[in-house]
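Following: one structure in structure tokens, then a few remarks.
The values are calculated or read from the model by the stated rules, or taken from the named source; none is laboratory data. As the structure is a prediction and not an experimental result, all values here were calculated from the model. Note: ideal-geometry Cβ built from the backbone for every residue, glycine included; neighbour counts use all protein chains shown. Just so you know, the surface numbers come from the protein's heavy atoms only, side chains and all, with ligands and any DNA or RNA stripped out. Shrake-Rupley method; radii C 1.70, N 1.55, O 1.52, S 1.80 Å.
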Amino acid sequence: MDGIRYLGPEVTRSLDEERKMVLVAGPRQVGKTTFTRRLLDEAGTPQLYFNWDVEEHRRLLTRHQEDFWTRRESAPSSGRPRIVLDEIHKFPRWKRFLKGLHDGHGAGLEILVTGSGRLDVFQRGGDSLFGRYNLYRLHPFTLGELASGYRNAPADPSQFWKSLEEPTAARNVQRLLDDLERLTGFPEPLFSGSESRFNRWRRSHRTLILREDLRDLTRIRDIGLLDSLAMLLPGKTGSPISMNGLAEDLGVNFGTVKNWLDAMSRLYFLFTVKPFSGKLARTLRVAPKVYLFDPTGIENPGAKFENLVALHLLKLVNAWTDRGEGEYELWYVRDREKREADFLITENRRPHALIEAKLSAGEIDPSLLYFKERLKPRYTLQVVRNPEGFSRTTTRSGVILSPAVEFLALI
């Protein structure tokens, strides 16, 4: 597998043309290190990789902050060398360090920063790094990336929907979809093709996030109860989550559960999708849905497929936003009569695409039609894992009906 992946051209363009730092965020073991080291190889500076978790690198970064990159063997003495700082957010003064590095040496360095601790959580106007970097989020492999040979990024919004009108699903795409459901989109278990290696990876991955990363990046110490929360979540995906219910199950208070879920989100163990109200009356406005970056523990087939679609849509809206196509966000819609549409993509807070995920279906979901008439999104879609009565993407009553293998193959 080529380590460049779909973000490569955009990250390289950002470094070359905009001359800002590039922050690459994403889950643990999603391939950030492989990706950025491949970019170092392309730039001819493989030796300029620095990982905060490596004691030798940590000592060099703290003792020689002004010129640490020049102290590596064969470091370039001219040009604009490319460097990678991996897991630097574990440095207590990391923002001050990066600000000084960019302001003092940004004109002569290409600076790539990676981390799994949600570097994007600091992206706001009051932050000392504001205006100094571009953020890109690297996701687990999706069906479109696998089908295209790992390099293709999602098309821009207008071209994306045109492509769906004439889908050209790659060969073996059904097998690739089966692999994603069985082994996740994380590269190590996915490309091993082995159930036993996946099981070992899953235990290790969980330990890294819920024990090591939480210990390093938060003040949470009650790891046993946090493990219990993680075990409850696969049974909660696909439905609005009750913080009070979880708090009662765990014997803690509402605020504690909220803080734990926020921490697990920052560490890319899960992500939340909030309800959208806009101008709709009687919509649910509080409870979010929770989805997992590793959905293999979800037993309900419908919820598991919905989680897979959520992962693809999150990658899509992140890619469009990170590339500057607009401010795209992912929501769901539900009213007090319990009518629901699984997902709503908004563009600058205006409805862009309303999407329903179905495990098996041949007809359009009535709730999807109901919200289509009221929200008036540009696109309305029902994506079906096991379509009944149709085998290719078609349109009925203004709703796009698409088999999962065709829709997800575009992302």
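Per residue, region 244-362 exposes 39 Å² of solvent-accessible protein surface, assessed with a 1.4 angstrom probe and all protein chains in place.
All other residues with a Cβ under 14 Å from the Cβ of PHE91 taken together, and with Lys, Arg as +1 and Asp, Glu as -1, what is their net charge? Local charge sum for PHE91: +3. Measuring only protein heavy atoms, the 1.4 Å probe finds SER360 accessible over about 60 Å². In this view, the solvent-accessible surface of ARG215, computed with a 1.4 Å probe and all protein chains in place, comes to about 130 Å². So what's the net charge close to ARG378: Lys and Arg +1, Asp and Glu -1, counting the other residues with Cβ under 13 Å from its Cβ? Net charge around ARG378: +3.
Rounded if a/c is under 1.5, else prolate if a/b is larger than b/c, else oblate: which is region 167-285, with a ≥ b ≥ c the root eigenvalues of its Cα gyration tensor? It is oblate, given that a/c is not under 1.5 and a/b is not larger than b/c.
Note on exposure: LYS376, LYS99 ranked by accessible area (1.4 Å probe, complete protein assembly) read LYS376, LYS99, with the most exposed listed first.
Assuming a ≥ b ≥ c are the square roots of the Cα gyration tensor eigenvalues, decide whether region 1-111 counts as rounded (a/c under 1.5), prolate (otherwise, with a/b larger than b/c) or oblate.
Because its axes are fairly even, with a/c under 1.5, region 1-111 counts as rounded.
Using the empirical formula 2.2 N^0.38 Å as the baseline, the Cα radius of gyration of region 316-411 reaches a ratio of 1.07.
Please state the charge dipole magnitude for the chain, taken about the Cα centre, from unit charges on C-beta atoms (+1 on K and R, -1 on D and E), reported in debye and rounded to the nearest 20.
820 debye
Report in % the part of the accessible area of region 271-411 that belongs to carbon and sulfur, leaving out ligands and nucleic acids; probe 1.4 Å. Carbon and sulfur: 45 percent of the exposed surface of region 271-411. Let me know the shape class of the chain, please: from the alpha-carbon gyration tensor, a ≥ b ≥ c as square roots of the eigenvalues, rounded when a/c is under 1.5, otherwise prolate if a/b is greater than b/c, or oblate. Here the chain falls in the prolate category.
I'd like the carbon and sulfur percentage of the solvent accessible area for region 29-120, probe radius 1.4 Å, heavy atoms only, ligands and nucleic acids excluded.
With neighbouring chains kept in place, the figure for region 29-120 is 41 percent.
What residue among PRO81, PRO366, PRO154 shows peak mean-square fluctuation when the chain is described by a Gaussian network model with Cα springs under 10 Å? Largest GNM mean-square fluctuation: PRO366. Exposed loop sites are taken as GluC sites (Glu not before Pro) in a DSSP loop (any state but H, G, I, E or B) with at most 14 other beta carbon atoms within 10 Å; the longest stretch of the chain without one runs 74-298.
Comparing GLY44, GLY251, LEU101 along the charge dipole axis of the chain, the residue lying farthest to the positive side is GLY251, per the Cβ-charge model.
Other residues whose C-beta falls under 11 angstrom from the C-beta of PHE305 contribute a net charge of 0, scoring Lys and Arg +1 and Asp and Glu -1. Think of a 1.4 Å ball rolled over the protein heavy atoms: region 372-411 then has 44 Å² of accessible area per residue.
As an equivalent ellipsoid, region 287-371 spans semi-axes of 21, 18, 11 angstrom, where each value is the square root of five times an eigenvalue of the C-alpha gyration tensor, largest first. Looking only at the chain, where both bridge partners belong to it, what percent of the DSSP beta bridges are antiparallel (to the nearest 5)? Percentage antiparallel, nearest 5: 40. With the whole protein complex present, LYS358 retains an accessible surface near 50 Å², based on a 1.4 Å probe. With both residues required to sit in region 319-405, DSSP beta bridges show an antiparallel share near 55%. Farthest toward the positive end of the dipole of the chain, out of TRP161, THR237, VAL405, is the Cα of THR237, where the dipole comes from beta carbon charges about the Cα centre.
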